[in-house]
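Every number in this text was worked out from the coordinates using simple rules, so none of it is lab data. Bear in mind the structure is a predicted one, so any value in this text is a computation, not a measurement. Positions of Cβ are backbone-derived with ideal geometry, glycine not excepted, and every protein chain shown enters the neighbour counts.
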Amino acid sequence: MSADARPGETPFWDRLFWRAGSLLVIVYALLPVAWILSLSLKPAADLADGRFIPARISLEHYRAIFADAQFPAALWNSIGIAALSTLLAVVLGMLAAYAIVRLRFRGRGLMLAAALSIAMFPPVAVIGPLFELWRTLGLYDTWPGLILPYMTFTLPLAIWTLAAFFREIPWDLDQAARVDGATPLQAFRHVIVPLAAPGVFTAAILVFIFAWNDFLFAAALTSTNAARTVPAAIAFFTGSSRFELPTGSIAAASVVVTLPVTAMVLIFQRRIVAGLTAGAVKG
Amino acid sequence: MAEIVLDRVAKRYADGTEALKPTSLSIADGELFVLVGPSGCGKSTLLKLIVGLERPSAGTVRVGGEIVTDRDPKDRNMAMVFQSYAIYPHMTVRENLSFPLRLARLSRSEIDERVTRAAALLELDGLLERRPAALSGGQRQRVAMGRAIVREPAAFLLDEPLSNLDARLRMQMRTELARLQRRLGTTTVYVTHDQTEAMTLGERIALLRHGQIQQLGTPRELYQRPANLFVAGFIGSPAINLLPARIDGERLLLPMADLPLPAGLYGDLPPGIRDVIAGIRPQHIAGAGPEADDTNSDGRFEARADVVEWLGSEVHVQVEIPVPDAHWPSALRHALETGSTGAERLRVTARLGSDTRAREGDSLRLAIDPGGLLLFDPDTGERLGD
């Protein structure tokens with residue numbers, strides 16, 4: 001019981017509650033993923049057998065999606081577009097956040113509020129006009145045509161995240177670097193950015209996930225393999241006959257498209273935690 | 001190596017706060033100059049104006065004869081030590097020390113040599129590969145000093161460099177700092193709010209208040225001949241006793257005693273009755289023998305010990321003196337930061353020898369030494385006399 005627990009030791013019921021709770025949440029979240037993984041490994045004939053553990057394991061769906069020219073192209077588009085959007089949003093977000101945190105200028109609060117309001121803007125509302133605009137400008141079905149909206153919709157998020165991190169860095173460090181002979185840009189690069197690394201990774205992950213998972217813009221602003229990303233490409237999968245759903249292929253494609261994001265988050269998560277503890281300014 | 005000259009430098013922020021009133025100041029080459037004052041007095045602002053982290057709203061800053069008022073901090077070749085040390089947490093001690101040299105694009109061998117020399121000077125040899133998180137407070141302080149030294153700058157600017165250390169370490173570092181400065185012979189501006197640090201370190205001290213220099217001089221001048229009530233109250237520990245007083249002919253009437261005015265003070269004062277504020281340092285109040293032994297009663301009084309602090313080598317005794325309300329000059333109220341409520345009592349501190357056996361509640365006979373008396377104008381707070 002909690003009353004006779006030794007100090008410093010979490011009471012038994014507390015631990016039980018947290019462990020059982022965590023387990024429940026993990027199972028709830030991972031069950032659909034596990035189901036898709038199971039589907040992707042079943043041979044076509046077994047797809048409708050309703051078993052959670054596949055009776056026979058086959059990689060035919062994976063072979064099928066990579067045999068089709070459409071999927072590898074879409075994967076390449078996804079990786080390129082998401083990576084470039086992330087790079088641009090994080091670099092611009094860093095500069096903007098630094099200016100907002102460190103410089104005194106008129107309309108600082110207004111800028112932050114405006115950025116937030118852009119993040120709240122429903123993307124579906126701009127799809128129509130954007131479609132027309134992109135057709136006219138020649139951006140339709142190109143990489144920049146997707147990178148631009150991704151960057152725009154994720155920049156506010158990046159700015160807010162990074163501004164919070166920059167605020168935690170003592171101003172003395174900038175000033176020390178400036179007195180040590182650094183230009184403002186050098187002080188930013190050598191002192192501020194390394195210290196804000198956890199924030200940079202956090203922002204990068206959020207932006208990357210947004211761009212990687214987006215379906216709306218990808219479906220509306222692309223038409224060919226030139227710029228179509230995986231989420232949109234999956235929607236265009238066809239079965240071997242018009243009466244057959246390409247369930248197996250969709251499942252296989254979903255697994256392939258989930259893996260990079262999961263891997264990236266796991267890698268960066270370690271960096272984030274490491275960065276947070278190593279960056280302690282006072283101790 | 002450079003002389004620093006400020007010519008009517010002032011700083012007013014956009015929101016109208018006047019951080020520094022027009023100030024002219026000249027700091028000699030190789031001097032250890034101390035800026036001291038209570039928090040918010042503008043001393044850090046003055047330092048930042050010298051180093052270039054702030055731009056003055058008026059006036060010019062000259063270093064070694066060159067006008068640097070609008071020069072970027074990176075082009076001023078000055079080194080600064082911050083109160084927070086501001087050592088870069090993501091770099092090792094070696095990287096911290098070499099950072100300014102790498103920015104200056106010195107050769108690798110030159111950087112190594114200078115870092116090694118600075119590390120040896122500050123006894124950081126064994127710590128070069130450590131990160132700041134693994135250092136103690138004193139070691140961090142030395143890293144901050146080291147980063148300033150490696151550059152061989154024109155001037156050191158130290159902003160309360162010791163205030164984050166514990167008392168013992170602070171004393172030790174204070175001595176080391178003074179020795180280091182003398183050895184390097186680099187012009188140094190030292191900012192502190194601690195009057196003891198100011199007194200022990202400074203060749204010359206500027207005492208600031210409300211963005212204005214109250215007095216500039218050697219520690220001895222500030223202590224013995226304070227320009228006004230504020231300087232008198234700020235310099236010296238325990239603080240000077242300030243009392244309302246009245247000059248009547250050749251005698252000074254204090255609330256608890258009266259005594260003949262010392263000649264030096266009397267000579268310059270206009271004759272007649274006038275109110276003044278008397279300042280008496282605690283060491284100028286001594287224990288007196290029993291009343292029967294008195295040859296005269298000049299400056300002698302009896303009071304009850306309120307607080308007795310035994311420090312080993314000396315005893316600080318606080319006694320309470322009743323002061324009639326009518327006697328309170330406004331400058332004194334201002335200096336002591338007291339309200340105006342009816343008849344009041346004033347606390348007077350006496351510094352007595354350690355053989356004093358006084359206990360709290362005891363009645364003591366004390367004698368004022370007229371030699372250490374200071375008199376101030378009750379309206380302006382300026383010191384009277386020569």
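Annotations for the structure displayed:
- Note on A:Ala113 and A:Thr152: the extension gain reaches 12.6 nm, defined as 0.36 nm multiplied by sequence separation minus the Cα-Cα distance.
- Counted charge near B:Ser136, where neighbours are those whose Cβ lies closer than 11 Å (Asp, Glu -1; Lys, Arg +1): +2
- Residues B:His210, B:His90, sorted so that the one with the fewest Cβ neighbours within 10 Å comes first: B:His210, B:His90
- Size-normalised alpha-carbon gyration radius of chain B, reference 2.2 N^0.38 Å: 1.18
- Normalised contact order of chain A, rounded percent, pairs of Cα under 8 Å and 6 or more residues apart: 28 percent
- Spin-label model distance (nm) - A:Met120 vs B:Ser24, 7 Å beyond Cα toward Cβ: 5.8 nm
- Projected over all directions and averaged, the alpha-carbon convex hull of the range A:63-282 occupies 14.9 nm².
- Were the residues from B:Thr60 through B:Asp75 laid out at 0.36 nm apart, the gain over their Cα-Cα distance would be 3.8 nm.
- Look at the alpha carbon pairs under 8 Å that are at least 6 residues apart: their mean separation over the length of chain B gives a relative contact order of 16 percent.
- Note on B:65-76: average number of Cβ atoms from other chains within 10 Å of each residue's Cβ is 2.
- Förster radius 45 Å - calculated FRET efficiency between A:Ile57 and A:Thr136, Cβ distance, rounded to 0.05: 0.35
- For B:Ser57, net neighbour charge (Lys/Arg +1, Asp/Glu -1) across residues whose Cβ lies under 10 Å away: +1
- Å³ per residue enclosed by the Cα convex hull of the protein assembly as shown: 274 Å³
- Once the chain from A:Thr224 to A:Arg189 is taken as fully extended at 0.36 nm per residue, the excess over their C-alpha distance is 8.6 nm.
- Computed [θ] at 222 nm, helices only, for chain A once each DSSP H run of length n ≥ 4 contributes -39500 (n - 2.57): -23500 deg cm²/dmol
- Counting every other Cβ atom within 10 Å of each residue's Cβ, B:Tyr85, A:Tyr28, A:Tyr140 order from fewest to most as A:Tyr28, A:Tyr140, B:Tyr85.
- Remark: B:Ser163, A:Ser78, B:Ser354 ranked as B:Ser354, B:Ser163, A:Ser78, counting other beta-carbon atoms within 10 Å and listing the fewest first.
- For B:Thr380 and B:Thr200, a Förster radius of 35 Å and the Cβ-Cβ distance give a FRET efficiency of 0.70, rounded to the nearest 0.05.
- Counting only the Cα atoms, the range A:142-217 fills a convex hull of 91 Å³ per residue.
- Look at the dipole of chain B built from charges on Cβ: of B:Leu135, B:Leu332, B:Val9, the Cα furthest out on the positive end belongs to B:Leu135.
- Mean Cβ count within 10 Å, highest first, over the residues of peptides B:13-25, A:211-223: A:211-223, B:13-25
- Using a Förster distance of 51 Å, the FRET efficiency for A:Leu16-B:Tyr13 (Cβ separation, nearest 0.05): 0.30
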